[in-house]
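Read the structure below first, then the notes.
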Amino acid sequence: MIPGRAFRWAALAALVSCGERDRLVFPVENPGDGSGPTTEINHPAASDTVVIEGDLLILQGRTYDADGVDTVYFEVGGANQGFSPIQGEGEDTVEFALQLSTLNLGGATVVVRVHGVDVLGEQGSPVSRQIRIE
């Protein structure tokens, strides 16, 4: 058994050490890397592509970010086509494939731009492909 005064100091020391051990510590800085997701278009590989009218063109790629991808956005100019954003749900890599119709677009140039936003709200740089339809 610990004598009265020593017991109080031992109990106080135990309480203080438990308090230090159980205290929550929150990061003071943003855990992100400061840049948005990277987006790549793998197909077509060339930045300027020529296709024949009527052919179905599939544009494929991926967006990735160590912080997690929130959303991938698509913009199509020069064609009456649009695509809904893909929700990344925090995954580190989101793959995509878009089917672009070239019917009735002979002589047109279609530009597709893709970019991602990570779960911290940081927007990545867009990548694009120019598709000329003959």
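For this structure, a couple of remarks:
- Mean separation of Cα contacts under 8 Å (6+ apart) over length of segment 38-133, as relative contact order %: 38
- With the largest listed first and rounded to whole Å, the semi-axes of the equivalent ellipsoid of segment 38-133 from the Cα gyration tensor are 26, 11, 10.
Throughout, read-outs are computed from the coordinates displayed, never taken from laboratory work. What you are looking at is a predicted structure, and each value in this text was computed from that prediction instead of being measured.
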